[in-house]
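So the structure is just underneath, and the comments pick up after that.
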Amino acid sequence: MPGGAILAATADTERIEAPVTVKAYLMCIFAAFGGFFFGYDSGYIGGVLGMNYFIHQFQKLPYPAAGTTDPNFVISSSNNSLIVSILSAGTFFGAVIAGDLSDWFGRRTTIIAGCLVFAVGVVLQIASSSIALLAVGRIIAGFGVGFVSAIIILYMSEIAPRKVRGAIVAGYQFAVTIGLMTASCVDYGTQNRTDSGSYRIPIAIQLIPAIILGTGLFFLPESPRYFVIKGQLDRAAQVLSRVRGQPVDSEYIQQELAEIVANHEYEMSVIPQNGYFSSWANCFKGSLFKSSSNLRRTILGTSLQMMQQWTGVNFIFYYSTIFLKSLGTIHNVFLISMIFTIVNVFSTPISFYTIERYGRRTLLVWGALGMVICQFIVAAVGTALPNDQSAIRALIAFICIYIFFFASTWGPGAWVVVGEIFPIPIRSRGVGLSTASNWLWNCIIAVITPYMVGEKYGNLGAKVFFIWGALCTACLVYSYFLIPETKGLSLEQVDRMFEETTPRESSKWVPHSTFAADMGLTEKIGVDGIEHVEAGSKV
């Protein structure tokens, strides 16, 4: 912009963002595609563990004759636990590291790097014919999934328009469900092959979405808030112009950038950055009893993702074939598992509307209540009538209803809230820690579940749903007392809401001013950078 353009502060809370454009939708929708290979990677392994050739190859057992069933022809509980959980262990560390990488190199660059690391892990899994190499491939792939799953949420939250941000981020969860369903369909199609293609084909297909996402991101812009953190406000203005479909010198771009800059300067005055370790320590500063403190927000993000895993839904997607086999009354367990993933896919888009119409908090409260009811019914029916065919059909039906409640509420809702609650100075690390918490509990559940339902160990069968029901009751209480409402607010307005209200009263809070107006901020962006031309009192 030759000569520069004046970025004047505005006190109008409706003028801090340009109108929504088709271009913004398309960018966010493509970024949400990152959820596909996360979902596919989580989904394919459950079917593979039940495939005859895979069991024959990896357990070194004689291939069974056609039409025979041998209760000992299974992957051992210890190997089941290792194969499934090792990915989550890698993802935990990948998500923690991703926060730093995204601040150093950019959100987009970190996601592309995650795709490359993931591809390396997939290649090792394809080449594997032993538990050891398969585990190495899955932990490396896990690092890549950690990069992508943490930063894709951050990236979408920072470029999505505020009025549709919840729906856009929910699109990520929708992509996850499509990945899960696709994996189940592929497993169903290859299960009866009597060669290594039975498991290598499902593994290899993961490369396709990773290549598409990694390549496509080269053509998407970096997050404007990343450039604000780096002090490159001219580039931030250019990115906002591209994302919002407005000229760089339009009032909308001036005012939105002024608000982001003012919020960043305010947060930096409150949360000074004094080095690497100090910046990490900032995530845990403040009072536990003050809702706006960094400590409370970090605990909120990490515990929310823990609660999402406590709903028990990944038990279904990781171990449904093993669980259904353990009931002893269902013949086509692969088909039933595929139906579960189809219900998951078709339930998630409901949240695109409801998360913006009714809000994040409302969805999480009612979703938890619905899941609690379904889980206790499944547990009671499966325990009281374990051999009754009508009871088993009812059990499967209520598992489908339970999946419906999760997919339309907690599935997308937890990711949306985590992407919105952190201030700029700790946002990347906060989202990274929250995602790491998700994968830590994912890993814990993946490790212990085979022992809970394995015939030689807990052999709980349907009684395992008493455990999930109890944990989901905790989710219900948690969401009622601790989840704030962030619907319709910009990320900067969410900061102010945390300072001025409590979670239970947050749905009534209305923005009354802007950071830029309060700070009297007026900036001038020139060709080579930014120059202060007028500024009022700083907070």
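The values are calculated or read from the model by the stated rules, or taken from the named source; none is laboratory data. Small disclaimer: the values here were computed from a predicted structure and weren't measured. Please note: Cβ atoms are built from the backbone with ideal geometry, for glycine as well, and neighbour counts cover all protein chains shown. These area figures cover heavy atoms from the full protein model, side chains too; ligands, DNA and RNA do not enter into them. Shrake-Rupley method; radii C 1.70, N 1.55, O 1.52, S 1.80 Å.
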Scan region 241-284 for residues that are at pLDDT 80 or above, under 22 Å from SER434 (Cα atoms) and open to solvent by 20 Å² or more (accessible area, probe 1.4 Å) and report the count. 3
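Among ALA446, ALA462, ALA474, which is small (Gly, Ala, Ser), surrounded by fewer than 22 Cβ atoms within 10 Å (Cβ to Cβ) and out of contact with any strand residue (DSSP E or B) (no Cβ under 7 Å at 6 or more places or on another chain)? Give the steps one after another, and end with the answer.
Details: ALA446 fails: surrounded by fewer than 22 Cβ atoms within 10 Å (Cβ to Cβ); ALA462 fails: surrounded by fewer than 22 Cβ atoms within 10 Å (Cβ to Cβ).
Exactly one of ALA446, ALA462, ALA474 is small (Gly, Ala, Ser), surrounded by fewer than 22 Cβ atoms within 10 Å (Cβ to Cβ) and out of contact with any strand residue (DSSP E or B) (no Cβ under 7 Å at 6 or more places or on another chain), namely ALA474.
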Is one or more of the residues making up region 230-239 charged (D, E, K, R), in a helix (DSSP H, G or I), touching a residue at least 40 places away in the same chain (Cβ under 8 Å) and open to solvent by less than 10 Å² (accessible area, probe 1.4 Å)? no
Answer with yes or no whether GLY469 is small (Gly, Ala, Ser) and farther than 30 Å from GLY382 by Cα. no
In this structure, does SER78 turn out to be within 27 Å of TRP441 (Cβ to Cβ), at pLDDT below 80 and not aliphatic (A, V, I, L, M)? yes
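Given the criteria over 17 Å from LEU101 (Cβ atoms), within 26 Å of the chain's Cα centre (by Cα) and open to solvent by 10 Å² or more (accessible area, probe 1.4 Å), does PHE227 qualify? It would help to see each step written out before you state the result.
Numbers: over 17 Å from LEU101 (Cβ atoms): no; within 26 Å of the chain's Cα centre (by Cα): yes; open to solvent by 10 Å² or more (accessible area, probe 1.4 Å): yes.
The answer is no for PHE227.
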Going by the structure shown, is ASN459 at pLDDT below 85, on the phi > 0 side of the Ramachandran plot, out of contact with any Asp or Glu (no Cβ under 7 Å at 6 or more places or on another chain) and not in a helix (DSSP H, G or I)? yes
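Could you list all residues from region 298-307 that are open to solvent by 10 Å² or more (accessible area, probe 1.4 Å) and in contact (Cβ under 8 Å) with a residue 40 or more places away in the chain?
So the first thing to find is which residues in region 298-307 are open to solvent by 10 Å² or more (accessible area, probe 1.4 Å), and the list is 299-300, 302-303, 306-307.
Result: LEU300, THR302, SER303, MET306, MET307.
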Test result for ILE421, at pLDDT 85 or above and over 27 Å from TRP104 (Cβ atoms): no
Could you check region 287-326 and list, in sequence order, the residues that are among the β-branched types (Val, Ile, Thr) and either in contact with a Ser or Thr (Cβ under 7 Å, 6 or more places away or on another chain) or at pLDDT 90 or above (or both)? THR298, ILE299, THR302, THR311, THR321
Of ALA89, ALA98, ALA119, which residue is at pLDDT 90 or above, aliphatic (A, V, I, L, M), out of contact with any His (no Cβ under 9 Å at 6 or more places or on another chain) and open to solvent by less than 40 Å² (accessible area, probe 1.4 Å)? ALA119
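Every residue in region 387-419 that is part of a loop (DSSP other than H, G, I, E, B) and buried (at least 24 other Cβ atoms within 10 Å of the Cβ), please. Write out each step before concluding.
Applying the first criterion (part of a loop (DSSP other than H, G, I, E, B)) to region 387-419 yields 387-388, 419.
Listed by number, the list holds a single entry, GLY419.
Among the residues of region 363-381, which ones are open to solvent by 10 Å² or more (accessible area, probe 1.4 Å) and in contact (Cβ under 8 Å) with a residue 60 or more places away in the chain? First the steps, then the outcome.
Let us first name the residues in region 363-381 that are open to solvent by 10 Å² or more (accessible area, probe 1.4 Å), namely 363, 365-366, 369, 372-373, 376-377, 380-381.
Hits for region 363-381 are VAL365, LEU369, VAL372, PHE376, VAL381.
Under 24 Å from the mean Cα position of the chain (by Cα), at pLDDT below 85 and either assigned to a helix (DSSP H, G or I) or among the basic types (Lys, Arg) (or both): which single residue out of SER479, SER506 fits that description? First the steps, then the outcome.
Working: SER479 fails: at pLDDT below 85.
Testing whether each residue is under 24 Å from the mean Cα position of the chain (by Cα), at pLDDT below 85 and either assigned to a helix (DSSP H, G or I) or among the basic types (Lys, Arg) (or both) leaves just SER506.
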Can you tell me which condition LEU369 does not meet? The list is (1) aliphatic (A, V, I, L, M); (2) more than 29 Å from LYS163 (Cα to Cα); (3) in contact with a Leu (Cβ under 7 Å, 6 or more places away or on another chain), and all the others hold. (2)
Examine region 354-361 for a residue that is under 20 Å from TYR319 (Cα atoms), basic (Lys, Arg) and over 19 Å from the mean Cα position of the chain (by Cα), and state whether such a residue exists. no
